[in-house]
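Undergrad: I am attaching a structure below and will ask some questions about it afterwards.
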Amino acid sequence: MSRPRTPLLRPQSYFQAHDGSPPLGDAMIAVLVVAVVTAGGVGLFLSEFDRAVDATVTMDNPEHVPEWACENYAESDISTPSGCHPSVPETVERDVGSLVVEKYSWLPLVVLLFVPVLWVFQGAVLHGASALFDGKGTFSDTLAVAGWGMVPSVTRMLAIGALLVYQLRTTTFPGSTEGAVAALEAAFAGLSTISLVATAVVAVWAGAVRVYGLASAREITTGEAFWIVLASTLVGLLFEAV
């Protein structure tokens, strides 16, 4: 039987085939895929949100200059700014969807950069914890295990993202801000259960990859690796819930 190309379906066979030293380059590519897909998913959601929500909100016009300031300009030798012109209104109507996208436009880039940082952090946690059980493998081997352990999270992101986009596309949003918020809450009300199930499936899948990988890479028992991975997974889920 040929060796598996990834540890996602047969983690024990994959790591044993590489004698506990899985190629770090392959894991780096896997992490890059996770980062790009996750960042792209966030960007797609923001785009779909902007397209779906047509509600407007009244806000101060940033180009309008207050009347008292215009009077001060008129009494001085400084030229009066264009914001003092009567044609410049004090308030403007803005699209809620566009405002949200503008506010969180930085998020996809941050996600893209955060995933590799999270990878190294998870690798350090697994490496340090396994040292308590006299782990002997190198940090690069542990990094490879941690990298492959991140891949199952993509399935959760894709599943939840697809449902979010579907709800956005099939929900009618009123023109008022209050109505749009109520429609959003109603549309996403049933997603918590689905998200919980997806999280549990991903935790078990990723846990299996990490357990067999860590046991092989650090030359510890699968039982010891299990407790390390279980503890780190529970802590990670706790941080997600906060």
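The values are calculated or read from the model by the stated rules, or taken from the named source; none is laboratory data. This is a predicted model, so every value here is computed, not measured. Cβ coordinates were reconstructed from backbone atoms using ideal geometry, including for glycine residues, and neighbour counts include every protein chain displayed. To get the accessible areas, we keep the full protein, side chains included, count just its heavy atoms, and leave off ligands, DNA and RNA. Shrake-Rupley method; radii C 1.70, N 1.55, O 1.52, S 1.80 Å.
Undergrad: Only sites in a loop by DSSP and with at most 12 other Cβ atoms within 10 Å count here; which chymotrypsin sites (Phe, Trp or Tyr not before Pro) in region 82-190 make the cut? Present the calculation step by step, with values, prior to reporting the outcome.
TA: On the way: sites: 104, 106, 114, 119, 121, 133, 139, 148, 166, 188; in loops: 104, 106, 133, 188.
Hits after loop and neighbour filter: 106.
Undergrad: Going through the DSSP H helices of the chain, which span 24 Å or more along their own axis at the Cα atoms while scoring at least 0.0 as a mean Kyte-Doolittle hydropathy?
TA: On the way: long enough: 24-52 (42 Å, 1.49); 107-131 (35 Å, 1.86); 153-170 (26 Å, 0.96); 191-218 (38 Å, 1.35); 222-241 (28 Å, 1.41).
Going by DSSP H runs, the hits are 24-52, 107-131, 153-170, 191-218, 222-241.
Undergrad: Carbon and sulfur atoms: what percent of the 1.4 Å accessible area of the chain do they account for? Don't skip to the answer; put the middle values down first.
TA: On the way: 9220 of 14040 Å².
Within the chain, the accessible surface is 66 percent carbon and sulfur.
Undergrad: Something else about it: What net charge do the residues around residue 136 carry, taking every other residue with its C-beta under 14 Å from that of residue 136, with Lys and Arg at +1 and Asp and Glu at -1? Each step should come with its number before you reach the end.
TA: Details: positive: 218; negative: 19, 134, 141, 219, 224.
Net charge around residue 136: -4.
Undergrad: Taking a probe of 1.4 angstrom, what is the accessible area of residue 47 in Å², to the nearest 10?
TA: 70
Undergrad: Of (i) 115; (ii) 132; (iii) 185, which is the value of volume of the Cα convex hull per residue in Å³ derived from the coordinates here?
TA: Entry (iii).
Undergrad: Quote the FRET efficiency, to the nearest 0.05, computed for residue 93 versus residue 188 with a Förster distance R0 of 25 Å and r equal to the Cβ-Cβ distance.
TA: Numbers: r = 26 Å, r/R0 = 1.03.
Using R0 = 25 Å, I get an efficiency of 0.45.
Undergrad: Further, regarding this structure: Less than 13 Å Cβ to Cβ from residue 63, Lys/Arg counted +1 and Asp/Glu -1: what total charge do the surrounding residues give? Kindly include the intermediate steps, with their values, before the conclusion.
TA: On the way: positive: 94; negative: 60, 90.
Taking every other residue near residue 63 into account, the sum is -1.
Undergrad: Excluding residue 54 itself, what net charge comes from residues whose Cβ is under 15 Å from its Cβ, given Lys and Arg +1 and Asp and Glu -1? Don't jump to the answer; show the numbers that get you there.
TA: Working: positive: 51, 94, 169; negative: 48, 50, 93, 95, 178.
Charge balance near residue 54 sits at -2.
Undergrad: Another question about this same structure. Subtract the Cα-Cα distance of residue 84 and residue 132 from 0.36 nm times their separation in residues, and report this length gain in nm to one decimal. Numbers along the way, then the final one.
TA: Values: separation 48, 0.36 × 48 = 17.28 nm, distance 6.91 nm.
Separation in residues times 0.36 nm, less the Cα-Cα distance, equals 10.4 nm.
Undergrad: Right, something else. What accessible area per residue, rounded to a whole number of Å², is obtained for the chain using a probe radius of 1.4 Å? Mind dumping the intermediate values first?
TA: On the way: 14040 Å² over 242 residues.
Per-residue accessible area for the chain comes out at 58 Å².
Undergrad: Okay, moving on. Report the one residue of 56, 190, 108 whose Cα lies farthest in the direction of the positive end of the charge dipole of the chain (charges on C-beta: Lys and Arg +1, Asp and Glu -1; origin at the Cα centre).
TA: 190
Undergrad: Among 177, 92, 221, flag the residue with its Cα farthest along the positive direction of the charge dipole of the chain, charges on Cβ as +1 for Lys/Arg and -1 for Asp/Glu.
TA: Comparing the listed Cα positions along the dipole, 221 ranks first.
Undergrad: Also, quick follow-up: Based on Cβ point charges of +1 for Lys and Arg and -1 for Asp and Glu, what charge dipole magnitude is obtained for the chain about its Cα centre, in debye rounded to the nearest 20?
TA: Working: 11 positive and 22 negative charges, 385 e Å.
Result for the chain is approximately 1840 debye, rounded to the nearest 20.
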